[in-house]
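Notes to accompany the following structure.
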Amino acid sequence: MRLGISWDTDRFGDATSGWKEIVSEAEQADKLGFHSVWISEGRERAADISAPSVFLSYLARLTNNVQLRITGRRVTHALPAHIAEEVAVLDTFSRGRAGIAFAGASAQGVPSAHVHEMIDFVTAAFASDEFRFRGDHIRFPAHTPDDAPPGASVPESEGPYLAQWDWGPETPDFLAITPKPYLPHTPVAVEIDDDDTLSWAAQHGISPMIGADVPTDEAADRLARYRKTADAAGRARREVEAVLERRIALDGDSDAHTLGGSPRDILNAIRDLRGRTGISHLVWRRGGAVPMDLYRFASEIEMLLQA
C-alpha cells in the first residue's frame, strides 16, 4: 500500500503562508517515508496553484524520495504538447519521480472523449520519437490530415537523420516531444467520475483515481466496478495503481468523506477499503495542520499497513 498526501488550499488565506505550509509538510512526508505528494491544479482561490509542475519542480530540490504527482490537471488550460513537456521536465529534474492525474470530464465541463484523447496523446508523446495524432479534439501537428490513422501514428520510414531544429520553416508531418521523461513509464491516472471514463480507463489499463469529495461508499463502488471491468477486459492488476484520496481525522469522527477514530480504527478502515476495492495508493487530503499528526500516522498506521 502506497501512502501520499495532498492539500485543501481553500483554507489558506494567501499563497505565501499556505504554500510555506505545503512545502514544510512535503519535506516532512519525504523524511517519514510517505510515498507521494500531490499538487492539484487550481485558479479559483488565493492559494490555489495554477502551475503545479513548477511547484513540484521546486519540491524536487527539497526532497529525495517522495513521488511528485500533479492532480486535477485540466485539458483546456494548455496545449497537449505543453502538458507532456512539463511532466517530462519535472520527471527529469526529479530523476523519475513525476506523475500526473487528469481531472474527470464532468469537473472540466468537456466531453469524456477529450480527456481520453489527452491521455492517449500524452502517453504516446512519452513513448514515441516522431509521431502525429489525429482525434476529434486533438490534432498534432495541426495540419494532420483527416485520412491519417486515428490516434497516434509514426512514420513508416525513418530516412536520413535530421535534427528537429534543422527542419526549416515548414512544419513536418511528424514531430517529437522533448525532453522524454527520465523513466520510460511515467504514471498517468484519471479521475473516474463518469461511467464512460471508468469503462474506458479499465479497458485501456489507465490507473483510476477518486478524489476526496466523492463519498467513501460511492468511491468504493466505482473502484470495484473499475476492477470488474478491467478483469473482464483481460487487464492485469499489476498494470495500474488504484488511487483513493480521503480525509483522515486521527482521534476524530468519521463521516461520508473522512476516515476517523483511533489509529487502529483508521488502519482497519483502510484495510477494509483495500479488500473491497483493490486500492494500492491512499492519499491523505490534508484539511488542516495538526502537530505531530503526520508523524503519528507514519509510526502508528503506515508501518502496520506495510507489515
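The values are calculated or read from the model by the stated rules, or taken from the named source; none is laboratory data. Every value quoted in this text rests on a predicted model; they were computed, and no experiment measured them. Note: ideal-geometry Cβ built from the backbone for every residue, glycine included; neighbour counts use all protein chains shown.
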Report task. Could you pull out the residue among Gly151, Gly159 that is more than 18 Å from the chain's Cα centre (by Cα), at pLDDT 95 or above and at positive phi? Result -> Gly151
Requested in this report: Those residues that are surrounded by 21 or more Cβ atoms within 10 Å (Cβ to Cβ) and of a type in the set (Val, Ile, Thr), I need them from the stretch 219-266; list them, please.
Outcome: Val240, Val243, Ile248, Ile266
Report summary line: Subset of the stretch 254-307, residues closer than 16 Å to Ile5 by Cβ and of a type in the set (Lys, Arg), comes to Arg285, Arg286, Arg296
Query - Single unsatisfied condition, Leu305 versus (1) outside any helix (DSSP H, G or I); (2) touching a strand residue (DSSP E or B) at 6+ places or on another chain (Cβ under 8 Å); (3) surrounded by 13 or more Cβ atoms within 10 Å (Cβ to Cβ) - result: (1)
Query raised in the report: Among the candidates Glu117, Glu170, Glu156, which residue alone is farther than 30 Å from Val66 by Cβ and either in contact with a Pro (Cβ under 8 Å, 6 or more places away or on another chain) or crowded, with 16+ Cβ neighbours inside 10 Å (or both)?
Result: Glu117
Query - Elements of type helices (runs of 4 or more DSSP H) contained in the stretch 38-119, each with 3 or more residues being within 16 Å of the chain's Cα centre (by Cα) and modelled with pLDDT of 95 or more - result: 52-62, 80-94
Report task. Look at Glu241 and say whether it is touching a Pro at 6+ places or on another chain (Cβ under 8 Å) and either within 23 Å of Gly33 (Cβ to Cβ) or at pLDDT 95 or above (or both). Result -> yes
Query - Selection count, the stretch 172-207, where residues are part of a loop (DSSP other than H, G, I, E, B), free of Cβ contacts under 8 Å to residues at least 60 places away in the same chain and hydrophobic (A, V, I, L, M, F, W, C) - result: 2
Query raised in the report: Just one of Thr197, Thr186 is surrounded by 15 or more Cβ atoms within 10 Å (Cβ to Cβ), out of contact with any Phe, Trp or Tyr (no Cβ under 7 Å at 6 or more places or on another chain), hydroxyl-bearing (Ser, Thr, Tyr) and under 20 Å from Arg73 (Cβ atoms); which is it?
Result: Thr197
Requested in this report: Would you point out the residue of the stretch 122-142, among those that are farther than 21 Å from His77 by Cα and part of a loop (DSSP other than H, G, I, E, B), that is nearest to the chain's Cα centre (by Cα)?
Outcome: Ser128
Query - Filter result for the condition that a residue is farther than 22 Å from His137 by Cα, touching a strand residue (DSSP E or B) at 6+ places or on another chain (Cβ under 7 Å) and surrounded by 24 or more Cβ atoms within 10 Å (Cβ to Cβ), over Phe34, Phe102, Phe55 - result: Phe34
Requested in this report: Tell me which residues, restricted to the stretch 220-254, are touching a residue at least 40 places away in the same chain (Cβ under 8 Å) and assigned to a helix (DSSP H, G or I).
Outcome: Ala220, Leu223, Ala224, Arg227, Arg237
